[in-house]
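S.K.: I'd like to ask you about the structure that follows.
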Amino acid sequence: MAFMANRANPLLNNLPHFLTWRALGFRTICSGRMGFSSQSQRQLDPESPVAGTKVLETFKEEFEIGDRLITLESGKIARFANGAVVLGMEETKVLSTVAAAKGDAVRDFLPLTVDYQEKQFAQGVIPNTFMRREGAPKERELLCGRIIDRPIRPLFPAGFYHEVQVTASVLSSDGKQDPDVLAANATSAALMLSDIPWAGPIGVIRIGRISGQFIVNPTMDELSLSDLNLVYACTRDKTLMIDVQAREISEKDLEAGLRLAHPEAVKYIEPQIKLAAKAGKHKKEYKLSMMPDRTLEKVGKLAEVPIEAVFTDPTYGKFERGEALENIMQDVKKLLEEECDEESLRLLPKAVDTVRKKVVRRRIIAEGFRLDGRRLDEVRPLYCEAGNLPMLHGSSLFNRGDTQVLCTVTLGAPGDAQRLESIVGPPTKRFMLHYSFPPFCINEVGKRGGLNRREVGHGTLAEKALLAVLPPEDDFPYTVRINSEVMASDGSTSMATVCGGSMALMDAGIPLREHVAGVSVGLVSEVDQSTGSIKDYRILTDILGLEDHLGDMDFKIAGTQRGITAIQLDIKPAGIPLDIICESLEPARKGRIQILDHMEREISVPRTQDDRNSPRLATLKYSNDALRRLLGPLGALKRKIEDETGARISVSDGTLTIVAKNQSVMEKVLEKVDFILGREIEIGGIYKGRVSSIKEYGAFVEFNGGQQGLLHISELSHEPVSRVSDVISIGEQLSLICIGQDVRGNIKLSLKATLPRPRSETNNVVEESVSSTKEAPSIWASAGDLSSNGQQNQSSISEAGGINASSSSPPILIRSAAECDEEEKSAGLVQNSKDTSRPVGASETDHKPKTFHQDSSVLAKPGLLQTINDKMSKSFSQKEGDKTEVRSPVTAKTLKIGTKVTAKVYQIRTGGLVLDLGGGIRGMYRFETNGKNDFEVDDELRVVCVSFSSKGIPVMSLVDDDE
């Protein structure tokens, strides 16, 4: 049996030698060295038992662009691919491979697929997913795939319909360079090495600009400081693709960047040609699906005249033209069926489309008129509507011709930002624009799937256009999401999304610097067949969908009145001269200005939203121990608050962020947070507490995160109270006002100060207690509540926050009883009826309230109220006309309804004025409808007190000079 086995397989006779040979062979393959400086190297392993074993043959090209050393290498990796190249720049390396399907093509289009991959091993990271594998392509991968696809697609020969797949993979990344441009150049080199027919090579370059200086191949750090991110692709003499994100760069500066980018991109071309000369394959003869001249001539004779009648009549709409073209096609089909011309019948749709393209282009070139009768530089009729969906944070409807887009804005917390898992760039994104192109917008039936490359590309273009005018994150901490729903499509839906998105952001109250609009510019050219050069051309502004299909380019340009923010150029021929591209910038600017003027007439400033649908965001500072108390065990307390209020709470190091649907929800959350964590105790502050015990002289109330306050029997009601239990009970929750501190250090609370006075005692007098001057938490409302410099406007008119009556005097704060006792002992305070808070001989100015932390309890010294009242009682003089009026001091007791005073404008807010009434008292005046509102700070106004707000703030009205 053993003999038989050995004769059947002689290799088994010397199995150890076979294993050794395999091991040596593997070592031989792995020991191949890489070539240098345009030289290939072949190396034989002297230890190999098999003579003539060839080691991997590698080819390499090295060159410099800017100050970066770039290498092109082939032959070492992915040898079975039709073409494979590794391109490296410093520590970043990208592999690009191409392959073409075998057999004859059965399609009438080029099925080109570009897959760009960024796997986490390229930066030494294991994916943070459940399966620890990369999932479906991310948005960035789809966008990088489009960067590669757009410049290489026009260079495939006409009629080449074989399936081609490009796979670009990032092998390693140092995080300094964006691999997308490297992948595009590597793909060009791989196509050059393959046997696939392709009219390359191309060069792709990135240009940045910092402080007015252009930078070639900028790093990611440099791009974060740059006001320009330009990706440019070209052949040796023509432009193929442009992709721009900018911060309002002028057309002149952009042209200068394009003029610089072209020669820098051409530097990639010569090394690819050298590499292909040494390692490239002979181009294979593929069968091209060309239209026979006989069929094209025959269909042209039958269809050209009726097509010209339809496509030169501006009364036809999009679908009317389509129906008329279908009727013409059916008439031609009947004639061909009678002649039994099977070849012409098979190619009829494509032949009719070719005839249509010829008719439309000829009329534009010869007569300068378009399908709908417009002039070449004319924009379609516009219709704008902002705030059409009032329940949303922001919304708009934008129409340009038959193209219609509905945009909505949703605001969220900083924690709602999108998390990115890219090997380069920021880890999160707080501004998102999602573009949808449903089938009904072109009257078709289709199935909605996952991420669509076209939708992702169009949405990202609009997102880049709007990002330039958003306020900085420090000034506007919201996460913003725009949804763009295409309702009807007849060209340039991405540019309509820019216009609609800008209006929706304004409607949401986001303080944009200015509006952004976009317009698409097209080109129709006439080419000299002998030389391939363009001998005549026309530039079209605001192209229709059919003009995009039949034209040579789709040049989308978005920007503001001051400059360009985003560009995307796609072309169909094998390149367009850069001079024509630069010439197209001016018609685009004129069309953009026209659209911006129309948008400004609809909405020109951010709206002020009401509490019904305006979200609120608050950022509070606490100690980490306090935040742990708020979270509770395993975050249970935080989740309970969120479930009860519907708000979202996020906690970071020392910061608590709250996002609420409206102001009422925000107040509920703040109330719960204050009850758990406590806040700075201030005289005049309103607190909610629970009665913990009842004594004969009053009750003790637990409030402000577990602190105890004394509610004296005299502060229960305006009426005499014989027993405390007649008014309150243990466990009852009350809203109380802090009125000071007694000599024992107890915090004094008052219930009657929150109750309306009896009718007999009502004098409409401001309470003696000083209004709360606590600085409100940093609560963000809509943009109408924001000042022009982007800072928060704590509106004095808003019921949410009341008047910010801060003056030169610091707020009256309260300290703990133990702290007061300790200071009295150390300072030797002398208590008397006038002032029990100052040492003997101390002046009023010697006393200053202590600073405090968020979770500390600080009590003011007794007598500080008297000090403030003394300051408030100082009189002052004020001129009125030609007379000098010396007024009696205005105090909380003397200011009543009907009191007339001369006040100064202290602060100007969105809805009214904060007035200085004298004596440290602040009042508010609301702007009247159609009334005067052009006041300035320090203006003197004659006003009368008409009412008091719920917080005891005087509400004033202007006094007529004739009275």
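Just so you know, all these numbers are worked out from the coordinates, no wet-lab data involved. As the structure is a computational prediction, the values presented were derived from the model and not from experiment. FYI the Cβ positions are ideal-geometry reconstructions off the backbone, even for glycines, and counts take in every protein chain you see.
S.K.: In Å, what is the Rg of the alpha-carbon atoms in the range 630-764, and how long is Dmax?
M.R.: So, for the range 630-764, Rg and Dmax equal 17.3, 55 Å respectively.
S.K.: Here's a follow-up. For the range 104-258, take N as its residue count and report Rg(C-alpha) divided by 2.2 N^0.38 Å.
M.R.: That works out to 1.16 for the range 104-258.
S.K.: When ranked by the protection proxy of mean other Cβ atoms within 10 Å per residue, highest first, what sequence do the peptides 400-408, 577-585 form?
M.R.: Highest mean packing first, the order is 400-408, 577-585.
S.K.: Just want the ordering: Ser520, Ser722, Ser502, from fewest to most Cβ atoms lying within 10 Å of their own Cβ.
M.R.: Neighbour counts put them in this order, fewest first: Ser722, Ser520, Ser502.
S.K.: Let me ask something else about it. Please report the relative contact order for the range 430-490, taking Cα pairs under 8 Å with a sequence separation of at least 6, and give it as a percent rounded to a whole number.
M.R.: Relative contact order of the range 430-490: 64 percent.
S.K.: Note down the magnitude of the dipole of the range 584-658 about its Cα centre, charges +1 on Lys and Arg C-beta and -1 on Asp and Glu C-beta and zero elsewhere, to the nearest 20 debye.
M.R.: 160
S.K.: While we're here: For a quick check of your reading of the filter: which trypsin sites (Lys or Arg not before Pro) in the range 428-502 sit in a DSSP loop and have no more than 12 other Cβ atoms within 10 Å?
M.R.: Here the trypsin sites (Lys or Arg not before Pro) that fit, given the DSSP loop and packing criteria, are Lys447, Arg448.
S.K.: Can you compute the charge dipole magnitude of the range 294-367 about its Cα centre, using +1 on each Lys and Arg Cβ and -1 on each Asp and Glu Cβ, nothing else charged? Give it in debye, rounded to the nearest 20. Don't jump to the answer; show the numbers that get you there.
M.R.: On the way: 15 positive and 16 negative charges, 92 e Å.
Roughly 440 debye, rounded to the nearest 20.
S.K.: Then there is this: Hey, any idea what Rg/Rh is for the range 294-367, computing Rh the Kirkwood way over Cα pairs?
M.R.: Radius of gyration over Kirkwood radius for the range 294-367 works out to 0.98.
S.K.: Over the range 623-698, calculate the relative contact order: mean separation of alpha carbon pairs under 8 Å at least 6 apart, over the residue count, as a percent.
M.R.: Normalised by residue count, the contact order of the range 623-698 is 24 percent.
S.K.: Using per-residue counts of other Cβ atoms within 10 Å, averaged over each peptide, order 621-630, 87-96 from highest down.
M.R.: My ranking of the peptides, most packed first, is 87-96, 621-630.
S.K.: May I pose another question? Counting other C-beta atoms within 10 Å, which of Cys499, Cys441 has the fewest, and how do the rest follow?
M.R.: Final ranking by Cβ density, sparse to dense: Cys441, Cys499.
S.K.: Please give the net charge around Val379, taking every other residue with its beta carbon less than 14 angstrom from that of Val379, where Lys and Arg add +1 and Asp and Glu add -1.
M.R.: 0
S.K.: Once Lys and Arg get +1 and Asp and Glu get -1 on their Cβ, which of Leu325, Ile307, Ile364 lies farthest toward the positive end of the dipole of the range 294-367?
M.R.: Among Leu325, Ile307, Ile364, the one farthest towards the positive end of the dipole of the range 294-367 is Ile364.
S.K.: To make sure I understand, if each residue's beta carbon is the centre and we count other beta carbons within 10 Å, what order do Glu600, Glu644 fall in, fewest to most? Spell out each step's value before the answer.
M.R.: Details: Glu600 17, Glu644 11.
Fewest-to-most ranking of Glu600, Glu644: Glu644, Glu600.
S.K.: In debye to the nearest 20, how big a dipole does the range 382-602 give about its Cα centre with +1 on each Lys and Arg Cβ and -1 on each Asp and Glu Cβ? Don't jump to the answer; show the numbers that get you there.
M.R.: On the way: 20 positive and 29 negative charges, 100 e Å.
The dipole magnitude comes to about 480 debye.
S.K.: Counting only C-alpha contacts under 8 Å and six or more residues apart, can you give the relative contact order of the range 504-572 as a whole percent?
M.R.: Values: 109 pairs, mean separation 21.9, N = 69.
Normalised by residue count, the contact order of the range 504-572 is 32 percent.
S.K.: Let me ask another. Among the listed pairs Lys318/Lys357; Lys301/Lys357; Lys252/Lys429; Lys238/Lys535; Lys301/Lys334; Lys638/Lys661, which have their C-alpha atoms separated by more than 25 angstrom in this model?
M.R.: Lys252/Lys429
S.K.: Holding the Cα-Cα limit at 20 Å, pick out from Lys695/Lys752; Lys119/Lys278; Lys350/Lys572 the pairs that are longer than that.
M.R.: Lys119/Lys278
S.K.: Out of the chymotrypsin sites (Phe, Trp or Tyr not before Pro) in the range 626-735, which ones are loop residues according to DSSP with at most 13 other C-beta atoms within 10 Å?
M.R.: Values: sites: Phe675, Tyr687, Tyr697, Phe700, Phe703; in loops: Tyr697.
Sparse-neighbourhood loop chymotrypsin sites (Phe, Trp or Tyr not before Pro): Tyr697.
S.K.: Do any trypsin sites (Lys or Arg not before Pro) in the range 130-226 lie in a loop, going by DSSP, with at most 13 other beta-carbon atoms within 10 Å of their beta carbon, and if so which?
M.R.: When the trypsin sites (Lys or Arg not before Pro) of the range 130-226 are filtered for loop state and at most 13 Cβ neighbours within 10 Å, Arg132, Arg133 remain.
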